[in-house]
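The values are calculated or read from the model by the stated rules, or taken from the named source; none is laboratory data. A quick note: this is a predicted structure, and the numbers were derived from the prediction, not measured. Cβ atoms come from the backbone with ideal geometry, glycine included; neighbour counts cover every protein chain shown. Quick note on the areas: whole protein, heavy atoms, side chains included, nothing else; ligands and nucleic acids left out. Shrake-Rupley method; radii C 1.70, N 1.55, O 1.52, S 1.80 Å.
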Amino acid sequence: APARRVALTTFSRFPVLARHTATWSWLWQPGWSRRHHERFYGRATDPYGFETAPEQAKYRETLSLLGDQGVGRALEVGASEGSFTEMLLPLCDELVASDVSEVALSRARARLGEHPGLSFERRTFPLDLPDGTFDLIVVSDVAYFWAEDVLELGLRLMAERLRPGGRMLLLHYRGDFRAPVTGDAVHDRGVAIAHELAFELDADIVFQHRGPHDAGYRADIIRRP
């Protein structure tokens, strides 16, 4: 915790110097670091089960929340092996698919091949952000891996990267699997930040009886006016 506080202070005061500390996943994701995920994906393909029927149904429900309006530039945080990326891609002129694991991204690249406007970036979120601004940021089943004292800063940084009219979609499992924070805590913090920044809340939905143990999922869409 002391090291994390020092790094956060450094990041806030000296963003250029903090580029290196921003990638130290062992600070931001206790127990769920980059090394953990590289080993996790190295043991088996689709270790999170994103290709299963329930997960695919969740993705279709998620996509329906976005509507069919085209998106200029989008960022997918936690793209994994590209299952939702493949669904999201047709909506976007430009899509940056990112993940903490290079093993996962290599499979996503093989899956999706070359597409105009599609790029893959290995990033250690929430502080190691791609350059530029976005019309859509998707944060799906990833923010509860971040340490509690980093979560708010990360959500704020991403909200600030939204273009006018841009949206941030939060989607997380509500069950307890000993992550640093719960899915509901992620969303409660995101909604509170939206209110503080005078952003709009386009959706706040709980999908009941979904996922492991029927714990359900929560989806929120935050829009910058």
Could you count how many residues in region 61-86 are at pLDDT below 95 and either open to solvent by 30 Å² or more (accessible area, probe 1.4 Å) or of a type in the set (Ser, Thr, Tyr) (or both)?
-> 11
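Residue by residue, here is whether (1) within 10 Å of the chain's Cα centre (by Cα); (2) among the basic types (Lys, Arg); (3) farther than 25 Å from GLN56 by Cα holds:
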position	(1), (2), (3)
LEU127	no, no, yes
PRO130	no, no, yes
THR133	no, no, yes
ALA143	yes, no, no
ASP149	no, no, yes
LEU153	no, no, yes
ARG161	no, yes, yes
ARG167	no, yes, no
HIS172	yes, no, no
Total residues in region 127-175, condition crowded, with 19+ Cβ neighbours inside 10 Å, assigned to a helix (DSSP H, G or I) and not hydroxyl-bearing (Ser, Thr, Tyr) | 8
Do the conditions hold for ALA203, that is, is it more than 24 Å from GLY82 (Cβ to Cβ), open to solvent by 20 Å² or more (accessible area, probe 1.4 Å) and among the hydrophobic types (A, V, I, L, M, F, W, C)?
-> no
Every pair of residues 6+ apart whose Cβ atoms lie under 8 Å, when the first sits in region 70-91 and is farther than 15 Å from ASP46 by Cβ while the second is in a helix (DSSP H, G or I) and among the basic types (Lys, Arg) | MET87/ARG60
Might you let me know whether region 35-43 holds any residue that is of a type in the set (Lys, Arg) and touching a strand residue (DSSP E or B) at 6+ places or on another chain (Cβ under 7 Å)?
-> no
Pairs returned, first residue in region 103-118 that is at positive phi and assigned to a loop (DSSP other than H, G, I, E, B), second residue that is loosely packed, with under 13 Cβ neighbours inside 10 Å and not hydrophobic (A, V, I, L, M, F, W, C), beta-carbon separation under 8 angstrom, 6 or more apart or interchain, are GLY117/ASP93
What are the pairs, 6+ residues apart or on separate chains, where a residue within region 209-220 that is at negative phi has its Cβ under 7 Å from a residue that is among the basic types (Lys, Arg)?
-> ARG210/LYS58; ALA215/ARG174; TYR217/LYS58; TYR217/ARG174; TYR217/ARG210; ARG218/ARG174
Could you please let me know if GLY183 is more than 13 Å from the chain's Cα centre (by Cα) and open to solvent by less than 20 Å² (accessible area, probe 1.4 Å)?
-> no
Look through ARG123, ARG178, ARG189 and report the one residue that is surrounded by fewer than 19 Cβ atoms within 10 Å (Cβ to Cβ) and either modelled with pLDDT under 95 or out of contact with any strand residue (DSSP E or B) (no Cβ under 9 Å at 6 or more places or on another chain) (or both).
-> ARG178
Within region 97-113, is even one residue basic (Lys, Arg) and either open to solvent by less than 40 Å² (accessible area, probe 1.4 Å) or under 15 Å from VAL142 (Cβ atoms) (or both)?
-> no
